Structure formats: structure tokens, C-alpha cells
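Asks: This is the structure, below, for whatever I ask next.
The values are calculated or read from the model by the stated rules, or taken from the named source; none is laboratory data. Computed from a predicted structure; not experimentally measured. In this analysis, Cβ positions are derived from the backbone assuming ideal geometry, glycine residues included, and neighbour counts consider all displayed protein chains. Side chains included, ligands, DNA and RNA excluded: accessible areas come from the protein's heavy atoms. Shrake-Rupley method; radii C 1.70, N 1.55, O 1.52, S 1.80 Å.
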Amino acid sequence: MPKPIVCLSDTLRQFLEVFRPCFSRRQWPYFVTVLLALVECQGRSTLTGFLRCVAEATSLCGLSRFLSRWSWSADELAGTWLRRFRREMAPAVQAEHSRQRALRPRRQGRPKATLVTGYLILDDSVHSKPKGRKMGGLGWHYSAAEKKVVRGHCLFSGLYVLLGRRCPLRPRLYRQKAVCEREGVPFQSKVDMAVEEIEQFQPVPDTQTHLLIDRWYHCRRVRKAAQKRGWEVSGGLKSNRQMRLMAGGNRQWLSLADYAATLEPGDYQEATWPSQQGGHTVYVHVVQTWVRKLGPTLLLITRLSLDEPLDQARYWGSTQMAADAQTAINILAVRWEVEVLFENYKDLLGTDHYQVMKATAIVRFWTLVSCLAYFLDEQRALLQAQQPGVHVTLGDARRSLQAEHQHNLLVWLQDQFRSGATVEQLSARLNVRFMPEVQR
């Protein structure tokens, strides 16, 4: 049954009020409608699907104009939830520093500084649109899910992970150079976007930031931009990267794959790759080296089994030169959080269901989804605190919210009937359509 706005939970209502300055009076009901629909929609997350979920006086044309024409800023919306995250997490960071100081052993000399690390993860995700030939920003992108190049849109975004909380970054649309020339917009490569995000990102005060990237972003410009801000960098490496090997006083350059071919089983050690299921064993080789165009790098080569073909080995690099194998693995495993986020975007909230035509509308739709994802993570953290030891997901938080809205709807219906409303009046209010009686 469609839900009226009056069924909003108190927590969601209070959260939405934070963003009221981002919208005009005319735009505000559409913002609320979209976020409520994203919570309630069980089918495809299209504008038509939203209207079926929310019983409010909004039209398809109005929703379309809200996304594509009306003047509101997606960057301002994202900036609002990022500021909220920094404000909310500041006390938790100070509490963690206090906890570490309390556990610090007493000894002579200057005490070791406490450290709270936040992980900034940058990545992209392809949304396949095989039939959307007239959509803005369409290009041909390699989809890791489909293992081939597909027509669609490329979402560039990221995730900030700190003390068990997750904050999505602003979504952006990556266009290939030919697409930019066709649409008359400036071209930015994915590396350009990553560098810009690194330069502009504001972490929570009194924290150390660690940048996590996959092998496509692990290049000189990205690492240099991060190191300029005093950040650590860890991420994947391509197997054809060149590393420096010192043997017998001679310097030799060879690819990571060629170096891995020289290793014996005894050169690997066991480590545990963390996961929600308890983790699994990997075999890892660690060496301090110099990677061409990157500089000093702690190189890790991981294999699921020493019997598997060498071409299935994975290569990783980190600027934390003194880290041991398990510490480096624990850091690298955090990058999987952004993959989970993109999966939730698509499967849970339907970021790839849109049928809007303009690139501006697509980015705005992604931004509204990210806004709700931020709120759901707030709720996930609250539910997690109430159930220690139980893994709570964004889907769990969404279902909890849906149950609260269902209860609010029943209470509202009860009040309406007590005040004298008829079934016909409420059916019209909720856009309920009855099936015609079948003649026998």
C-alpha cells in the first residue's frame, strides 16, 4: 500500500530536516517523496515506481523537473551530509584517543602518540544501459560484473570509513573524451577526479587518513596527491608494473609477475584475509622495494593456494613500509567496503533503474540514493549497538525502517477511521485501486 508522508519515522523526518536549506519550498516535498520512495519501493526505482509507493500530491512531470530542471545543488546536498558526519564522529574520535591513552603502558620518555585512522576509498561502478541510446553521458565502459565492455554510465564515487561508520562521498559521472566532445563539457579522466577528491576531501579532525584504491588508480599522480596531504596509500598493482630488485650489488628491473615466478613456496607465509564470515587463509609474500613511477613500496603478493596458477596471484602496494603481512592485509581488506556499497546502491536502492534522460538528472538521482545510504548507515550503527556481535547490514536497517512506516500507517488509518473518514476517502487519499469483480 502507498505510504503518505505522515508515516515517516521520527528519525527519518529529523534527518530530512537537516537538508531543508538545500531546497526551495516547491522542491522540498519532492525531495521527501524520493527518499521515502527509495525506502519503500520494492520494484524498480523509477519515477513511476516512486509514485506508486508514496501517496502524495506529486506528479510524474514534477518529479522529472525536480531531477532535471529545477535549480538545486547536488554538491551542496552531499556537503551537508559530509559535514554532519564530521560533526557526529568528532566525539567518537576523541573517545577513541582517550581509550588508547588509558591502555598505553606507563614508561619513561615521551609517550607514543595515539592514532585514529580513517580510510578514504575511491572507485567507480558501471551502470549498464543497453537501450538508453538518447541518454546524456552514455559511453562504452568495461563492466567487471559482466566481464565485457557495455553501453552505460560510469559512476565515480567513494566511501569514508571511520570507527565502524561509513560515509558515502558525492557521486560524479565519468564521461570519456569523445562523449565530452559530443556533449560540449570539459573532460576529466578518472585519475583527474581521484586527485581532485583527494585535494578537496576534509577528514574528521585528529585522525590520520589512509587512501585505498584499486590498481586502475594506483599511479604517480594519485599517490603524490595523497602523500602531499600526509596520507598513507595502499591498493592493488598491475602485474606488469616494474620493480627494482637488488641482487649481488646489481640493480635489476623486472615486472611483478616475473618476480613472482622466481619465488618458492617457502617464500610465502600464511595470513588471514578478514571478512564477515570469519576470514579465509591466504598465502602472502612481502618485500620492501621500489616500484617504478611510484617510489618506495611495500609489495605484497597474495595467493589463495600455492598450487593455483601463478596468473591468479594478486599484487598490492602500500606506503606503510614497516607494516607486517597481517597488518597490511587488514588494511587492504577495508577497500571491499566500497564494493559492498556499490552493490547496495544497485541491488538495494536501484541506482541503475533510472530512466531519466539528462546527465544532470542522473547525477542528482545518484546523489539522493547516496543521501539515503548515509542515513541507513546511521540506523545500521544504532541497530548494531543494540545487538552486539550481530552483523547488521544496510538492508537490515531499511527493513527496520519499513516496519516502522508500516506501523505508523496502521496508526494513521486507525485515527482516520475514528475521526469519521470513509473507506472511499482513504482509498482516494492512498491511490488504492481495487480489481474489478470478475464475472463468472
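Asks: Residue check, LEU413 against (1) open to solvent by 20 Å² or more (accessible area, probe 1.4 Å); (2) part of a helix (DSSP H, G or I); (3) in contact (Cβ under 8 Å) with a residue 24 or more places away in the chain, all met but one. Which one?
Replies: (3) is the only condition that LEU413 fails.
Asks: Can you tell me which residues in segment 194-228 are within 26 Å of GLU76 (Cβ to Cβ), surrounded by fewer than 18 Cβ atoms within 10 Å (Cβ to Cβ) and without any contact (Cβ under 8 Å) to a residue 60 or more places away in the chain?
Replies: Within segment 194-228, GLU196, GLU199, GLN200 meet the criteria.
Asks: Contact list please: Cβ distance under 7 Å, first residue in segment 355-379 and at pLDDT below 95 and open to solvent by 10 Å² or more (accessible area, probe 1.4 Å), second residue of a type in the set (Ser, Thr, Tyr) and not in a helix (DSSP H, G or I), pairs at least six apart or on different chains.
Replies: So the pair list comes out as GLN355/THR46.
Asks: Taking into account only those residues within segment 57-82 that are in a loop (DSSP other than H, G, I, E, B) and touching a residue at least 40 places away in the same chain (Cβ under 8 Å), which is farthest from the chain's Cα centre (by Cα)?
Replies: Step one: list which residues in segment 57-82 are in a loop (DSSP other than H, G, I, E, B), which gives 57-59, 69-73.
Right, trim to touching a residue at least 40 places away in the same chain (Cβ under 8 Å) and you get 70, 72-73.
Numbers: TRP70: 26, TRP72: 23, SER73: 20 Å.
Across segment 57-82, the extreme among qualifying residues is TRP70.
Asks: While we're here: So which residues in segment 128-142 are farther than 15 Å from LYS190 by Cβ and assigned to a strand (DSSP E or B), if there are any at all? Let's see the steps before the verdict.
Replies: Our first condition is that a residue be farther than 15 Å from LYS190 by Cβ; within segment 128-142, this holds for 128-136, 138.
Listed by number, the list holds a single entry, SER128.
Asks: While we're looking at this one, here's another question. Within segment 286-309, which residues are of a type in the set (D, E, K, R), over 17 Å from ARG221 (Cβ atoms) and assigned to a loop (DSSP other than H, G, I, E, B)? Let's see the steps before the verdict.
Replies: The first filter runs over segment 286-309 and keeps only residues of a type in the set (D, E, K, R), leaving 292-293, 303, 307-308.
Next, only the ones that are over 17 Å from ARG221 (Cβ atoms) stay: 303, 307-308.
Residues satisfying the conditions are ASP307, GLU308.
Asks: For segment 257-273, which positions are buried (at least 17 other Cβ atoms within 10 Å of the Cβ) and out of contact with any strand residue (DSSP E or B) (no Cβ under 7 Å at 6 or more places or on another chain)? Lay out the reasoning, then the answer.
Replies: Of all residues in segment 257-273, those buried (at least 17 other Cβ atoms within 10 Å of the Cβ) come to 259-260, 268, 271, 273.
Within segment 257-273, none qualify.
Asks: Would segment 417-433 turn up any residue that is surrounded by fewer than 18 Cβ atoms within 10 Å (Cβ to Cβ), at pLDDT 90 or above and assigned to a helix (DSSP H, G or I)?
Replies: No, every residue in segment 417-433 fails to be surrounded by fewer than 18 Cβ atoms within 10 Å (Cβ to Cβ), at pLDDT 90 or above and assigned to a helix (DSSP H, G or I).
Asks: Name the one entry in VAL39, VAL54 that is at pLDDT 90 or above, surrounded by 16 or more Cβ atoms within 10 Å (Cβ to Cβ) and aliphatic (A, V, I, L, M). Write out each step before concluding.
Replies: On the way: VAL54 fails: at pLDDT 90 or above.
The unique qualifying residue is VAL39.
The rows are residues; the columns are (1) in a helix (DSSP H, G or I); (2) in contact with an Asp or Glu (Cβ under 9 Å, 6 or more places away or on another chain); (3) within 19 Å of GLY350 (Cβ to Cβ).
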| site | (1), (2), (3) |
| --- | --- |
| VAL6 | yes, no, no |
| ARG13 | yes, no, no |
| PRO21 | yes, yes, no |
| THR33 | yes, yes, yes |
| LEU36 | yes, yes, yes |
| GLN42 | no, no, yes |
| GLY49 | yes, no, yes |
| ARG52 | yes, no, yes |
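Asks: ASP352 is checked against (1) closer than 30 Å to PHE23 by Cα; (2) part of a helix (DSSP H, G or I); (3) charged (D, E, K, R) and fails just one. What number does that condition carry?
Replies: Against the list (1) closer than 30 Å to PHE23 by Cα; (2) part of a helix (DSSP H, G or I); (3) charged (D, E, K, R), ASP352 comes up short only on (2).
Asks: Residue pairs, Cβ under 8 Å, 6 or more apart or interchain, first in segment 174-192 and in contact (Cβ under 8 Å) with a residue 40 or more places away in the chain and closer than 20 Å to CYS219 by Cα, second open to solvent by 50 Å² or more (accessible area, probe 1.4 Å) and among the basic types (Lys, Arg). List them.
Replies: Partner pairs satisfying both residue conditions: TYR174/LYS190.
Asks: All but one of (1) touching an Asp or Glu at 6+ places or on another chain (Cβ under 9 Å); (2) part of a loop (DSSP other than H, G, I, E, B); (3) crowded, with 17+ Cβ neighbours inside 10 Å hold for GLN320; state the number of the condition that does not hold.
Replies: All conditions are met except number (3).
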